[in-house]
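Notes for the one structure printed next.
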Amino acid sequence: MRIVITGALGQLGTAMQGALAKHDLVLVDIPDWDITDPQSVPRMAGLKPEVVIHCAAMTDVDGCTRNPDLAYHVNAFGTQNVALACQQAGAAMVHMSTNEVFSGNASLPYREFDTPLAINPYGASKLAAEQIAARLLHKLYVVRISWLFAPGWNNFVSKIVALADKHGQLQVVTDEVANPTYAPDLAAAVARLIQTGHYGIYHLVNEGYCSRYEFVVEILQQSGREHIPVKPITSDKFQRASTPPPFAPLRNTIGAELGITLRPWQEALADYFAERSG
Ligand SMILES: NC(=O)c1ccc[n+]([C@@H]2O[C@H](COP(=O)([O-])OP(=O)(O)OC[C@H]3O[C@@H](n4cnc5c(N)ncnc54)[C@H](OP(=O)(O)O)[C@@H]3O)[C@@H](O)[C@H]2O)c1
């Protein structure tokens with residue numbers, strides 16, 4: 001299959017390359033290929049893809065709060081261009097989205113059919129992207145994920161390990177809850193999903209969820225740093241530009257109906273550290 005991957009050089013795009021290696025891949029990323037350039041529409045359609053995996057995005061959540069116009073420019077308008085290219089080429093699109101499309105005021109993990117309500121510019125721009133892609137395309141998979149990590153990338157896990165080594169102690173919030181998601185597991189699940197033709201909304205996250213605090217306790221334990229003290233704090237004590245949804249874990253019900261599930265996040269974290277040390 002001819003598959004275009006946008007944001008191909010990012011954390012997920014790189015994992016997607018591994019999971020889809022047997023296909024005819026076309027890798028697209030800035031600076032050579034900017035999805036916000038309207039000319040990218042005919043250019044991408046001209047590649048005649050059968051599937052476009054759309055990973056490109058402005059993923060700096062705090063940066064999106066500081067510059068919402070740029071967040072909409074890249075995440076919403078850029079996605080519109082990718083969706084139009086898919087429309088012209090007759091390609092299926094996989095739009096990577098986020099748990100931050102939800103408000104986080106739930107008491108149970110969100111299902112695929114729950115009503116989204118974003119509470120920050122990153123989530124709002126990603127929700128706008130979901131909506132515009134859904135208006136333009138029938139052959140659309142929306143894949144929501146959260147707290148992505150992969151070896152060799154700057155992510156929450158690598159940052160916590162670095163901060164633990166630098167400061168010898170940590171303070172971490174208890175009132176932000178989601179699903180740690182291992183990029184290679186997600187990429188393998190997406191590779192299976194695109195074979196189904198079962199278009200719709202998916203929550204493809206590793207099984208289980210936790211608070212940032214619980215995630216850090218597990219990171220320290222698995223990396224041999226369990227002696228580092230971690231103080232639980234609430235988010236009003238942690239200054240950042242963006243307001244994350246407090247309780248926004250995702251529940252994979254539709255993927256599970258198709259037999260597409262991801263293993264528990266703690267097992268995936270063990271593989272992350274094995275890969276990192278190997
Ligand atoms: N990381 C997470 O925890 C997380 C959670 C939920 C959802 N997601 C979603 O998952 C997807 C992949 O995330 P990721 O962690 O792999 O992000 P990433 O590592 O930041 O990768 C995104 C890629 O897109 C590129 N890009 C940015 N603007 C572009 C543009 N205008 N045209 C073309 N390419 C552009 C980036 O280039 P530069 O690096 O040069 O900017 C980067 O290579 C995104 O849609 C994100 O919203 C991620």
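The values are calculated or read from the model by the stated rules, or taken from the named source; none is laboratory data. On a predicted model such as this, the values are computed, not experimentally measured, just so you know. For neighbour counting, all protein chains shown are included, and Cβ atoms are generated from backbone atoms with ideal geometry for every residue, glycine included.
Annotation note: of Leu108, Leu137, the sole residue that is within 25 Å of Glu50 (Cβ to Cβ) and either more than 16 Å from the ligand (Cβ to nearest atom) or small (Gly, Ala, Ser) (or both) is Leu137. On the given criteria, is Ile30 surrounded by 14 or more Cβ atoms within 10 Å (Cβ to Cβ) and touching a strand residue (DSSP E or B) at 6+ places or on another chain (Cβ under 8 Å)? For Ile30, the condition - surrounded by 14 or more Cβ atoms within 10 Å (Cβ to Cβ) and touching a strand residue (DSSP E or B) at 6+ places or on another chain (Cβ under 8 Å) - is not met.
Among the residues making up the stretch 184-241, a single one is among the basic types (Lys, Arg) and under 30 Å from Ala134 (Cβ atoms): Arg192.
Tell me whether the stretch 134-143 contains one or more residues that are within 18 Å of Leu193 (Cβ to Cβ), part of a helix (DSSP H, G or I) and not aromatic (Phe, Trp, Tyr). Yes: one or more hits. Residue pairs whose Cβ atoms lie under 9 Å apart, sitting 6 or more positions apart in sequence or on different chains, and linking a residue in the stretch 121-145 that is of a type in the set (Asp, Glu) to a partner that is assigned to a helix (DSSP H, G or I), are Glu130/Thr79; Glu130/Val101. Of the candidates Tyr182, Tyr122, Tyr141, the single residue that is under 22 Å from Thr261 (Cβ atoms), within 13 Å of the chain's Cα centre (by Cα) and either buried (at least 16 other Cβ atoms within 10 Å of the Cβ) or modelled with pLDDT under 95 (or both) is Tyr182.
For every residue, the table says whether it meets (1) in contact with a strand residue (DSSP E or B) (Cβ under 8 Å, 6 or more places away or on another chain); (2) under 19 Å from Gln266 (Cβ atoms); (3) touching a residue at least 60 places away in the same chain (Cβ under 8 Å).
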| site | (1), (2), (3) |
| --- | --- |
| Ala183 | yes, yes, yes |
| Ala188 | no, yes, yes |
| Arg192 | no, no, yes |
| Tyr209 | yes, yes, yes |
| Val217 | yes, yes, no |
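Give the residues of the stretch 1-14 that are surrounded by 17 or more Cβ atoms within 10 Å (Cβ to Cβ) and either within 19 Å of Gly90 (Cβ to Cβ) or more than 8 Å from the ligand (Cβ to nearest atom) (or both), sorted by residue number. Matches in the stretch 1-14: Ile3, Val4, Ile5, Thr6.
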